[in-house]
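Report on the structure given below.
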Amino acid sequence: MDMYSENVLDRYRSPRFRRELASAALRAHDVNPVCGDDFTLFVQLGPDGRVVDASFTGVGCAISTASADMLCEACIGKSLDELRLLDKDFAYSLLGVPISAVRAKCALLPLKVLKLAVYSHLGQKLLEKEGEFG
Amino acid sequence: MVGLIDVPRVRADFPILSRKLPNGKSLVYLDNAATTQKPVQVIEALSDYYRSYNANAHRGLHALSAEATDAYESARKKAAAFIGASARETVFTRGTTESLNLIAYSWALANLRKGDVIVLSQMEHHSNIVPWQFVAGQTGAVLRFIPITPEGRLDLASLDSLLSCAKLVSVTHASNVLGTINDVAAISRRAHEAGALVVVDAAQSAPHLPVDVSSLGCDFLAFSSHKMLGPMGVGVLWGKRELLDSMRPFNYGGEMIREVSFESSTFVEPPLKFEAGTGNVGDAIAFGVALDYLSEIGGLGAVREHEKQLLALMLESLDSLGAVVFGPSDVHERAGVVSFNLPGVHGHDVASVLDGEGVAIRSGHHCAMPLMRALGVAATARASPYVYNSLDEVDYFIASLKKVKRVFGSGGL
Ligand SMILES: Cc1ncc(COP(=O)(O)O)c(C=O)c1O
């Protein structure tokens with residue numbers, strides 16, 4: 001039961017970062033077909049290439065929703081390289097509660113979506129670069 | 001008047017029900033639609049088979065092989081009698097999924113052509129959808145789905161038009177999500193008038209209510225041992241004799257042949273024609289013991305009455321908790337499955353909090369993603385009682401749901 005800390009429940013009931021960022025440079029979407037969790041993440045970069053804002057839309061359980069909300073907050077100020085290196089321990093430490101094996105997918109879905117967004121943005125950049133020389 | 005189940009006596013036969021969970025709680029097992037627990041009689045029958053008379057059935061002249069063959073064939077007779085059928089028409093498979101695939105491969109691929117119609121319903125388990133999608137892809141047959149009403153019943157108003165050009169109708173007898181018991185006899189009548197064969201997925205009905213193939217009027221029927229106190233890995237396909245006779249084998253190999261030359265082979269009669277290779281003898285025998293057990297505790301009539309009591313309490317309590325319950329509200333129309341959602345709480349969170357209290361339920365799409373879409377939900381929580389569950393356990397389940405509501409707060413969600 002420790003999984004449902006006040007912090008997790010509070011993030012689930014009233015997430016701070018649940019909104020659409022229409023102008024975001026990075027975005028990605030993924031679902032967990034087993035439970036129907038469904039998230040889109042938005043990341044807005046500043047002129048120095050660091051994250052100035054992040055947000056999410058979608059629905060999920062308390063664990064995945066809290067994870068998405070905390071991850072958005074934690075993104076701010078980070079560079080793309082730093083985002084690229086975030087790992088699952090980072091997501092777990094944000095949640096700060098023990099996550100059982102059966103709920104790992106819930107806790108990690110937002111991180112997966114964030115990585116998707118980062119990698120597809122970097123891939124896009126690479127393509128553009130290649131375009132410059134091609 | 002059918003007697004009810006003697007729950008304390010039944011519980012004493014299930015060793016697992018007295019175990020403690022890692023968090024020290026007692027187990028309240030309400031995930032019986034996924035699989036049931038096994039009584040000590042079944043566990044011992046399986047172990048006794050391997051201790052005392054393990055041998056390859058149908059293949060030896062020695063004493064052990066004769067004993068194994070007798071026990072295996074006697075289990076087949078029990079399975080047949082359980083659904084009012086003859087042993088000759090009763091094939092052992094690995095379970096409902098394999099039974100349905102057997103029909104798909106051995107009957108449908110050989111008999112369906114481009115433009116033929118297969119009628120399913122919107123409340124099917126994936127195992128009664130995906131094989132037919134494969135058949136449709138291979139043959140050019142077309143799938144049509146009987147819609148459901150907002151209360152979660154099959155909407156049979158459009159059945160006759162769905163049945164035009166239909167060659168096969170495959171429907172579930174009882175829904176593993178909604179609990180709805182479908183009027184298979186009526187569907188069979190109308191399907192036969194339209195010239196279609198009828199397959200019944202009895203995975204969720206055979207464990208919970210009396211099932212009789214002749215009153216259902218179907219052509220094939222499939223169910224699984226593990227959902228009715230028996231071991232995993234064994235199930236039944238019943239089919240009408242003339243159909244089984246006319247069908248080609250499913251797998252090819254030993255056991256199912258009459259004579260083999262280098263060039264060609266002839267096959268034995270059903271049911272062995274469909275049981276190539278060494279069968280799951282021990283599990284089939286233990287399944288027979290599970291069927292004996294079900295009749296010893298009062299038979300399926302008593303099981304049904306017992307479950308109606310549990311369901312009535314569950315439905316009434318869920319309603320007063322403000323839960324959204326899917327499927328018909330009348331216990332006479334539903335088998336032992338209750339899917340619900342607590343507003344503002346995801347099914348996974350319901351299941352996790354309940355798990356913390358020792359209550360095992362399931363949450364998710366229950367292998368019925370198209371149905372979830374039709375219901376407009378991503379997932380549901382599902383509680384499914386069986387013979388060993390008591391009214392006290394239902395009360396404890398409801399008390400645990402109150403805890404979910406407390407944890408998640410009732411306001412603002
Ligand atoms: C309605 C229904 N059909 C088919 C199946 C598949 O049964 P099995 O997994 O035993 O093959 C199930 C159970 O999961 C079910 O509930």
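In region B:153-163, is there at least one residue being among the charged types (D, E, K, R) and within 28 Å of B:VAL324 (Cβ to Cβ)?
Of all residues in region B:153-163, those among the charged types (D, E, K, R) come to B:153, B:155, B:160.
Filter once more, keeping what is within 28 Å of B:VAL324 (Cβ to Cβ): B:153, B:155.
Yes, region B:153-163 contains a residue that is among the charged types (D, E, K, R) and within 28 Å of B:VAL324 (Cβ to Cβ).
Give me the residue from region B:204-219 that is outside any loop (DSSP other than H, G, I, E, B) and touching a helix residue (DSSP H, G or I) at 6+ places or on another chain (Cβ under 8 Å) and, out of that set, farthest from B:ASN176 (Cα to Cα).
Taking the candidates together, the pick is B:SER215.
Suppose the filter is more than 16 Å from the ligand (Cβ to nearest atom) and buried (at least 19 other Cβ atoms within 10 Å of the Cβ); does B:LYS78 pass it?
Details: more than 16 Å from the ligand (Cβ to nearest atom): yes; buried (at least 19 other Cβ atoms within 10 Å of the Cβ): yes.
In short, yes.
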Quick one: is B:LEU321 hydrophobic (A, V, I, L, M, F, W, C) and either within 14 Å of chain A (Cβ to nearest Cβ) or within 23 Å of A:VAL59 (Cβ to Cβ) (or both)?
-> yes
Criterion violated by B:VAL353 - all others in (1) under 20 Å from the mean Cα position of the chain (by Cα); (2) farther than 29 Å from B:LEU209 by Cα satisfied = (1)
Could you grab me the full set of residues in region B:366-378 that are in contact with a strand residue (DSSP E or B) (Cβ under 8 Å, 6 or more places away or on another chain) and within 11 Å of another protein chain (Cβ to nearest Cβ)?
-> B:HIS366, B:MET372, B:VAL377, B:ALA378
Hey, B:SER188 away from the ligand (no atom under 16 Å from the Cβ), outside the structural domain of B:ARG304 (by TED's automatic domain parsing), in a helix (DSSP H, G or I) and within 30 Å of B:VAL324 (Cβ to Cβ) or not = no
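Considering only residues that are on the phi > 0 side of the Ramachandran plot and touching a residue at least 40 places away in the same chain (Cβ under 8 Å), which ones fall in region B:138-167?
Taking region B:138-167 as the starting set, the residues that turn out to be on the phi > 0 side of the Ramachandran plot are B:140, B:152, B:165.
Passing the criteria: B:GLY152, B:CYS165.
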Restricting the first residue to region A:15-37 and requiring it to be away from every other protein chain (no Cβ under 14 Å) and over 25 Å from A:LEU122 (Cβ atoms), which pairs with a second residue that is among the acidic types (Asp, Glu) and outside any strand (DSSP E or B) meet a Cβ separation below 8 Å and a spacing of at least six or different chains?
-> A:ARG16/A:ASP69; A:ARG16/A:GLU73
Test: B:LEU109 is buried (at least 23 other Cβ atoms within 10 Å of the Cβ) and either over 15 Å from B:ALA202 (Cα atoms) or touching a residue at least 40 places away in the same chain (Cβ under 8 Å) (or both) | no
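Counting only residues that are of a type in the set (A, V, I, L, M) and near the ligand (Cβ under 10 Å from one of its atoms), which one in region B:191-219 is surrounded by the fewest Cβ atoms within 10 Å (Cβ to Cβ)? Can you show your working first?
If we filter region B:191-219 for residues that are of a type in the set (A, V, I, L, M), which is where we start, we get B:191, B:194, B:196-200, B:202-203, B:206, B:209, B:211, B:213, B:216.
Add one more test, that the residue is near the ligand (Cβ under 10 Å from one of its atoms), and what stays is B:202-203.
Working: B:ALA202: 29, B:ALA203: 27.
The extreme case among them is B:ALA203.
Among the listed residues A:THR57, A:THR65, which satisfies the condition of being within 12 Å of another protein chain (Cβ to nearest Cβ), touching a residue at least 12 places away in the same chain (Cβ under 8 Å) and within 14 Å of the chain's Cα centre (by Cα)?
Going through A:THR57, A:THR65 in turn, the sole match is A:THR65.
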Among the numbered conditions (1) surrounded by 16 or more Cβ atoms within 10 Å (Cβ to Cβ); (2) over 25 Å from the mean Cα position of the chain (by Cα); (3) among the β-branched types (Val, Ile, Thr), tell me where B:ILE103 comes up short.
-> (2)
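With region B:220-269 as the region, which strands (runs of 3 or more DSSP E) entirely inside it contain at least 1 residues that are within 16 Å of the ligand (Cβ to nearest atom)?
Values: elements: B:220-224, B:235-239, B:257-260, B:265-267.
Counting at least 1 such residues, we get B:220-224, B:235-239.
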Mind checking which residues of region B:30-54 are touching a Leu at 6+ places or on another chain (Cβ under 7 Å) and not in a loop (DSSP other than H, G, I, E, B)?
-> B:VAL42, B:TYR53
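The values are calculated or read from the model by the stated rules, or taken from the named source; none is laboratory data. Fair warning: this is a prediction, and the values are worked out from it, not measured in the lab. Positions of Cβ are backbone-derived with ideal geometry, glycine not excepted, and every protein chain shown enters the neighbour counts.
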